[in-house]
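Novice: Submitted below is the structure of interest, expressed as structure tokens.
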Amino acid sequence: SVPINCGEVLTGKHVLITAGPTQEPLDPVRYISNHSSGKMGFAVAEAAVNAGAEVTLVAGPVSLATPKGCKRIDVVTADEMLTACTQSASKADIFISTAAVADYKAVNVADNKIKKSDDELTLTFIKNPDILATISQRKDRPFCVGFAAESQNVEDYARSKLAKKNLDMIAANNITADGLGFNSDKNALHVIWNGGDKKLPATSKRELAHQLISLIATRFSSTLQ
Ligand code: CTP
Ligand code: CA
């Protein structure tokens, strides 16, 4: 399809983007994960390329084609995603964290396939690193944009993540909205920053990504002044 013309608002800028889910292994054949398709993050990567940016896309396991012109790094777990992001963060001007990172991983990954035995099975999980919070705490931090997929109190939760993770901007969406989010090709976002906000109504993820990149470019350049 024809690229949406964003104007070269990010020419010469490096943009680091995470996308998709992470998978956390339980044993050699099983994992826990979530329903993220990666479509929003890949659309954001495509829009950033179209805006003239040099884009690094760190992707969890998804079945999507790499947007033309971006450098893709495939990862599986949250730990691997953190390593890839840490290595790319120092040259990034903007970090956009769209990935649905698994919040927990198994404390012990079994060496062999877990056998079926008792009627109940208990596994113990430990928190994964927060990739976005780790990057946003760096001294040389890029402009940091988070996502917040919520099923209730969308704006409140998004505002508290903006503050708690020390973000420049957060894009919130209501995952219970009809036909939007996760595996859908459409989405709607409420973008919030300190001192302002903008609602981007339901449209294709491609168009939405283009609007989001324009907004990020505007906010980013105003922080440079
Ligand atoms: N995020 C991340 N690393 C994690 C968890 C989240 O980088 N381990 C990022 C996501 O990519 C997103 C933002 O943090 O940009 C918010 O993610 P979300 O899951 O909504 O928030 P959490 O802080 O994990 O809180 P909760 O899941 O309890 O709402
Ligand atoms: Ca989470």
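Novice: Output the number of residues of the stretch 40-76 satisfying the condition of being among the hydroxyl-bearing types (Ser, Thr, Tyr) and touching a strand residue (DSSP E or B) at 6+ places or on another chain (Cβ under 6 Å).
Specialist: Count: 2.
Novice: Quick one: how many residues across the stretch 90-147 are near ligand 1 (Cβ under 9 Å from one of its atoms) and over 25 Å from Ile175 (Cβ atoms)?
Specialist: 0
Novice: Still on this model: So, in the stretch 157-211, exactly how many residues are in a helix (DSSP H, G or I), among the aliphatic types (A, V, I, L, M) and either within 28 Å of Glu8 (Cα to Cα) or out of contact with any strand residue (DSSP E or B) (no Cβ under 9 Å at 6 or more places or on another chain) (or both)?
Specialist: Adding up the residues that qualify gives 4.
Novice: When you scan the stretch 80-109, how many residues do you find that are within 16 Å of ligand 2 (Cβ to nearest atom) and either among the β-branched types (Val, Ile, Thr) or in a loop (DSSP other than H, G, I, E, B) (or both)?
Specialist: Within the stretch 80-109, residues that are within 16 Å of ligand 2 (Cβ to nearest atom) and either among the β-branched types (Val, Ile, Thr) or in a loop (DSSP other than H, G, I, E, B) (or both) number 5.
Novice: Pairs under 9 Å by beta carbon, first residue within 11 Å of Tyr104 (Cβ to Cβ) in the stretch 123-140, partner basic (Lys, Arg) and in a strand (DSSP E or B), six or more apart or different chains?
Specialist: Taking only residues 6 or more apart or on different chains, the pairs are Phe125/Lys105; Ile126/Lys105; Lys127/Lys105; Asn128/Lys105.
Novice: Would you check if there is a residue in the stretch 148-159 being among the hydroxyl-bearing types (Ser, Thr, Tyr), within 9 Å of ligand 1 (Cβ to nearest atom), buried (at least 16 other Cβ atoms within 10 Å of the Cβ) and more than 26 Å from Gln87 (Cβ to Cβ)?
Specialist: yes
Novice: Would you mind telling me which numbered condition in (1) at pLDDT 95 or above; (2) of a type outside the set (Phe, Trp, Tyr); (3) closer than 21 Å to Asn34 by Cβ Lys199 fails?
Specialist: Going through (1) at pLDDT 95 or above; (2) of a type outside the set (Phe, Trp, Tyr); (3) closer than 21 Å to Asn34 by Cβ one by one, Lys199 breaks only (3).
Novice: Would you call Val76 under 20 Å from Phe182 (Cα atoms), in contact with a Pro (Cβ under 7 Å, 6 or more places away or on another chain) and either within 13 Å of ligand 1 (Cβ to nearest atom) or part of a loop (DSSP other than H, G, I, E, B) (or both)?
Specialist: Yes.
Novice: Separate question: What pairs come up if the first residue lies in the stretch 75-89 and is under 12 Å from Pro61 (Cα atoms), the second is part of a helix (DSSP H, G or I), and their beta carbons are under 6 Å apart, counting only those six or more places apart or on different chains?
Specialist: Filtered contacts from the stretch 75-89: Val75/Met81; Val75/Ala84; Met81/Ile131.
The values are calculated or read from the model by the stated rules, or taken from the named source; none is laboratory data. Remember, predicted model here, so these are calculated numbers, not experimental data. Here Cβ is always computed from backbone atoms with ideal geometry, including for glycine, and neighbour counts include all displayed protein chains.
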